[in-house]
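Below is one structure, written out as structure tokens; comments come after it.
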Amino acid sequence: MEKKGHLIVISGFSGVGKGTVVKNLVEKYGYSLSVSATTRAPREGEVDGKDYYFKSVADFQNLIDYNGFIEWAQYVDNYYGTPRKFVEQEMTEGRDVILEIEVQGAMNVKRQYPDAILIFVAAPSAQVLRERLASRGTETEEVIDKRMKRASEEALDIDEYDYIVINDELEQCVQNVHSIIVCRKCMRENNLSFIEDIKRELQAK
Ligand code: 5GP
């Protein structure tokens with residue numbers, strides 16, 4: 001029986017550690033990860049094609065014009081988008097794909113793919129979030145302030161997500177996200193064609 005992969009959208013406040021959570025999900029459980037395009041400058045250590053596809057604004061605009069993104073959004077002062085081709089191909093081949101994207105993008109995906117699993121990763125508190133952003137050491141005070149402000153706006157959208165996972169202890173957080181996905185995939189309404197098939201097979205016996 002052919003089975004299409006699921007779309008898993010993971011959002012969370014900047015600095016909450018969702019990148020690490022996603023990396024663990026990919027390594028431990030073999031999820032496929034979509035690499036986004038962005039107009040933001042690379043941070044130290046970031047690799048083009050692995051962390052992001054780093055684009056000029058003109059190239060990014062071009063991709064928008066050619067319907068190259070499933071969704072795109074502006075975040076702080078930059079553009080971010082999910083390349084369409086990779087995601088559609090992976091899903092067609094039956095692989096579950098993780099998108100690590102912000103709230104506007106998540107809502108956009110939900111409209112197009114109502115079966116997408118939307119998970120929000122939260123910090124245990126605002127204080128912990130600020131500490132984590134500062135401890136990265138890659139952002140200026142001004143950027144940290146902007147991101148905290150943005151986080152307070154994003155908090156208003158938490159209600160749009162299906163699941164909330166608190167990233168207090170990494171292992172536990174990763175396991176919780178994986179459990180949510182497994183559980184969702186096991187739901188009866190996500191297995192209707194299997195149910196039909198097995199009924200038919202058994203009747204034919
Ligand atoms: P950062 O600059 O810290 O890497 O990412 C900033 C925000 O953009 C994060 O919330 C991240 O999840 C989000 N983001 C990354 N890629 C995409 C994307 O393709 N689409 C959207 N909508 N958001 C993205």
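The values are calculated or read from the model by the stated rules, or taken from the named source; none is laboratory data. Remember, predicted model here, so these are calculated numbers, not experimental data. With ideal geometry, Cβ positions are generated from the backbone for all residues, glycine too; neighbour counts draw on all protein chains shown.
Hey, among V182, V174, which residue is surrounded by 17 or more Cβ atoms within 10 Å (Cβ to Cβ) and closer than 19 Å to N24 by Cβ?
Numbers: V182 fails: surrounded by 17 or more Cβ atoms within 10 Å (Cβ to Cβ).
So the residue among V182, V174 that is surrounded by 17 or more Cβ atoms within 10 Å (Cβ to Cβ) and closer than 19 Å to N24 by Cβ is V174.
Name the single residue, out of those in region 24-57 being more than 14 Å from the ligand (Cβ to nearest atom), polar (S, T, N, Q) and not in a strand (DSSP E or B), that is surrounded by the fewest Cβ atoms within 10 Å (Cβ to Cβ).
Top of the filtered list is S56.
Given Q127, Q112, Q104, which one is at pLDDT 90 or above and under 23 Å from K23 (Cα atoms)? Explain how you work it out, then say what you get.
On the way: Q127 fails: under 23 Å from K23 (Cα atoms); Q112 fails: under 23 Å from K23 (Cα atoms).
Unique residue meeting the criteria: Q104.
Only residues in region 39-66 that are touching a residue at least 12 places away in the same chain (Cβ under 8 Å) and farther than 25 Å from V26 by Cα count as the first member; pair them with residues that are in a loop (DSSP other than H, G, I, E, B) and not acidic (D, E), Cβ under 6 angstrom, at least 6 apart or cross-chain, and list the lot.
Between residues of region 39-66 that are touching a residue at least 12 places away in the same chain (Cβ under 8 Å) and farther than 25 Å from V26 by Cα and residues that are in a loop (DSSP other than H, G, I, E, B) and not acidic (D, E), the close pairs are V57/T39; F60/T39.
Considering only region 159-177, state which residues are of a type outside the set (D, E, K, R), assigned to a helix (DSSP H, G or I) and closer than 20 Å to Y113 by Cβ. Reasoning before the result, please.
Our first condition is that a residue be of a type outside the set (D, E, K, R); within region 159-177, this holds for 161, 163-167, 170, 172-177.
Remaining after also requiring assigned to a helix (DSSP H, G or I): 170, 172-177.
Within region 159-177, just V177 meets the criteria.
Can you tell me which residue is farthest from G5 (Cα to Cα) among those in region 84-102 that are within 9 Å of the ligand (Cβ to nearest atom) and in contact with a strand residue (DSSP E or B) (Cβ under 6 Å, 6 or more places away or on another chain)?
So the first thing to find is which residues in region 84-102 are within 9 Å of the ligand (Cβ to nearest atom), and the list is 99-102.
Still in the running and in contact with a strand residue (DSSP E or B) (Cβ under 6 Å, 6 or more places away or on another chain): 99-100, 102.
On the way: L99: 13, E100: 16, E102: 21 Å.
Out of the qualifying residues, it is E102.
Output the number of residues of region 185-199 satisfying the condition of being closer than 13 Å to D115 by Cα and surrounded by 11 or more Cβ atoms within 10 Å (Cβ to Cβ).
3
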